[in-house]
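Here the structure is laid out as structure tokens; the discussion comes afterwards.
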Amino acid sequence: MERLQKVIANSGYCSRRKAEELITKGKVYVNGELVKELGTKVSDKDIIVVDGVTINKEIRKEYYLLNKPRGYICSVSDDKGRKVVTDLIETTERIYPVGRLDYDTTGLLILTNDGDFANILMHPSNEVEKTYLAVIEGILTTEEIYALKEGIVIDGVKVIPKRIKIKSKDINKNREKVIITIVEGRNHIVKKIFESIGHPVNKLHREKYAFLDVKGLQSGDYRYLTNEEVSKLKALKKRK
Ligand code: URA
């Protein structure tokens with residue numbers, strides 16, 4: 001017996017968090033009966049229907065690494081009709097992005113239909129490192145670099161970058177390229193960090209995710225993760 005939200009997430013229908021939301025909103029039926037309890041346990045034989053779709057419990061797990069172009073949102077659909085990252089990947093499985101890159105952010109994005117795998121990568125306690133190249137307005141002073149290294153409080157929570165490095169500065173254009181590595185996954189976090197010290201981000205590109213990079217992939221291209229890469233990413237789960 002497994003928890004209902006886990007079975008839904010494992011089927012690739014959506015993330016576990018989304019599954020919990022769907023259950024509490026009354027969108028999930030088990031053997032024809034409405035279930036709104038999050039702890040409900042189900043077996044292999046139970047028929048689960050989410051929002052009118054019967055969950056297939058025997059689907060193949062898929063794992064992709066995409067070099068996201070700008071102009072795509074990290075979602076599986078958009079009510080405003082904007083392009084979504086899943087449009088870029090040819091598959092019949094219901095894959096979804098692991099975490100979020102902004103509409104105008106480019107770079108490394110993982111997509112999967114494996115809910116447990118996505119949870120490992122997104123859970124803050126596993127501290128998965130993400131490295132961004134940010135083009136910022138203005139030139140950072142020594143004091144500002146020091147403040148960044150010490151940590152910046154964003155929405156009440158301090159973010160201490162793992163690493164920060166100035167890649168290049170353009171005094172004439174008054175802008176700087178900065179490489180920053182963080183374990184944080186909050187939305188817009190890199191833009192908020194630099195904005196909070198008076199240096200808005202003009203361009204943002206995710207260069208690395210854990211040990212992965214986008215080398216060899218043109219913008220908009222993707223590849224499968226190898227079995228070894230998937231195992232290494234799963235191994236990032238910290239023991240309790
Ligand atoms: N931080 C941001 O500000 N934007 C992204 O897309 C990712 C991290």
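The values are calculated or read from the model by the stated rules, or taken from the named source; none is laboratory data. Source: prediction; values computed, not measured. Every residue, glycine as well, gets a Cβ built from its backbone with ideal geometry; the counts of neighbours run over all protein chains shown. Please note that ligands, DNA and RNA were not included when accessible areas were found on the heavy atoms of the full protein model with its side chains. Shrake-Rupley method; radii C 1.70, N 1.55, O 1.52, S 1.80 Å.
Of I95, I23, I73, which is farthest along the charge dipole of the stretch 11-106 in the positive direction, counting Lys and Arg as +1 and Asp and Glu as -1 at C-beta?
Among I95, I23, I73, the one farthest towards the positive end of the dipole of the stretch 11-106 is I73.
Among V98, V153, V214, determine the one that fluctuates most according to a GNM of the chain built with springs between C-alpha atoms less than 10 Å apart.
V153
Using only Cα atoms, locate the centre of the stretch 66-104 and the centre of the stretch 178-210, then give the distance between them in Å, rounded to an integer.
The distance from the Cα centre of the stretch 66-104 to that of the stretch 178-210 comes to 20 Å.
Which entries of K169/K203; K158/K191; K173/K208 have Cα-Cα distances beyond 23 Å here?
K173/K208
Out of every Cα pair in the chain, what percent are spaced more than 29 Å from each other?
Of all Cα-Cα pairs in the chain, 37 percent lie more than 29 Å apart.
How many Å² of accessible area per residue for the chain, probe 1.4 Å?
56
May I ask you to give the percent of accessible area on the chain that is carbon plus sulfur, with a probe radius of 1.4 Å?
The C+S portion of the solvent-accessible surface of the chain is 47 percent.
Leaving out same-chain residues fewer than 8 places away, which lysines sit with a Cα under 18 Å from that of K41?
Cα-Cα hits under 18 Å: K6, K18, K25, K27, K57.
As an exercise, identify the chymotrypsin sites (Phe, Trp or Tyr not before Pro) in the stretch 138-240 lying in DSSP coil whose Cβ has no more than 14 other Cβ atoms within 10 Å.
Answer by residue number: F211.
I want to check the label-to-label distance for D44 and V84. Put each point 7 Å from Cα in the C-beta direction and report it in nm to one decimal.
If labels sit at D44 and V84, their model points lie 3.2 nm apart.
Among K130, K80, K41, whose mean-square fluctuation peaks in a Gaussian network model of the chain (Cα, cutoff 10 Å)?
K80
To the nearest 20 debye, what is the magnitude of the charge dipole of the chain about its Cα centre, counting +1 on the Cβ of each Lys and Arg and -1 on the Cβ of each Asp and Glu?
500
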